[in-house]
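Right, one structure below, let's go through it.
The values are calculated or read from the model by the stated rules, or taken from the named source; none is laboratory data. What you see is a predicted model, and the numbers here were worked out from it, not measured in a lab. Ideal geometry is used to build each Cβ from the backbone, glycine not excepted, and the neighbour counts take in all protein chains shown.
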Amino acid sequence: MADIYKAATSDEWFYPADGYILSETDDKGIILYANELFCEIAGYTQNELIGEPHNIVRHNDMPRIAFKGLWDDLQTKGFWTGFVKNRRKDNGYYWVYATALRKVHEDGHITYLSIRVAPNRNDVAACETLYAQLREQE
């Protein structure tokens, strides 16, 4: 098990800076693979994640436009990188710096790989401000 912990003064959870949260989804966003750190930080077992929509960890604080940008970039560029606030099963949250990649398989089907690491706290502070502004515009 990774060294994850909850902040003393909030519902935010943290994970090791050298840890990688990995997942793969199908072209509809259904989770096909979730590594151990993803399960631990999200508070779900692997059986609870596999087969579920990846938005099971979508936090309500995330502006819709951020996910529109993610999907637009995946379709046009084949990748996306950005900061995401995710929701845990217990309604806590954790931040990630994510890179998502479109993978076209030999038979033509598409999956999406997501690699996430712990973000810099200054970037999280900037994102909280920006995302609040974007939510106000929705």
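In table form, for the structure just shown:
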{"item": "Where a residue in region 74-86 is closer than 9 Å to Tyr97 by Cα and surrounded by fewer than 16 Cβ atoms within 10 Å (Cβ to Cβ) and its partner, wherever it lies, is at pLDDT 95 or above and hydroxyl-bearing (Ser, Thr, Tyr), with Cβ under 6 Å and at least six apart", "result": "Thr81/Thr99"}
{"item": "Unique residue being under 11 Å from the mean Cα position of the chain (by Cα), more than 27 Å from Ala132 (Cβ to Cβ) and not basic (Lys, Arg) when the list is Leu49, Leu32, Leu22, Leu37", "result": "Leu22"}
{"item": "Residue in region 123-135 that is within 11 Å of the chain's Cα centre (by Cα), within 20 Å of Tyr5 (Cβ to Cβ), of a type in the set (A, V, I, L, M) and not in a loop (DSSP other than H, G, I, E, B) present", "result": "no"}
{"item": "Residue ID - farthest from Tyr131 (Cα to Cα), chosen from residues in region 63-114 that are in a strand (DSSP E or B) and among the aromatic types (Phe, Trp, Tyr)", "result": "Tyr112"}
{"item": "Leading residue by the ranking (farthest from Trp13 (Cα to Cα)) among those in region 87-107 that are buried (at least 16 other Cβ atoms within 10 Å of the Cβ) and of a type in the set (Ser, Thr, Tyr)", "result": "Tyr97"}
{"item": "Top-ranked residue of region 108-138 - restricted to ones that are surrounded by 12 or more Cβ atoms within 10 Å (Cβ to Cβ) and among the hydroxyl-bearing types (Ser, Thr, Tyr), ranked as modelled with the lowest pLDDT", "result": "Tyr131"}
{"item": "One residue from Gly69, Gly51, Gly43 being modelled with pLDDT under 95, over 15 Å from Leu101 (Cβ atoms) and of a type in the set (Gly, Ala, Ser)", "result": "Gly69"}
{"item": "Identity of the residue in region 8-61, of a type in the set (S, T, N, Q) and in a helix (DSSP H, G or I), that ends up farthest from Cys127 (Cα to Cα)", "result": "Asn47"}
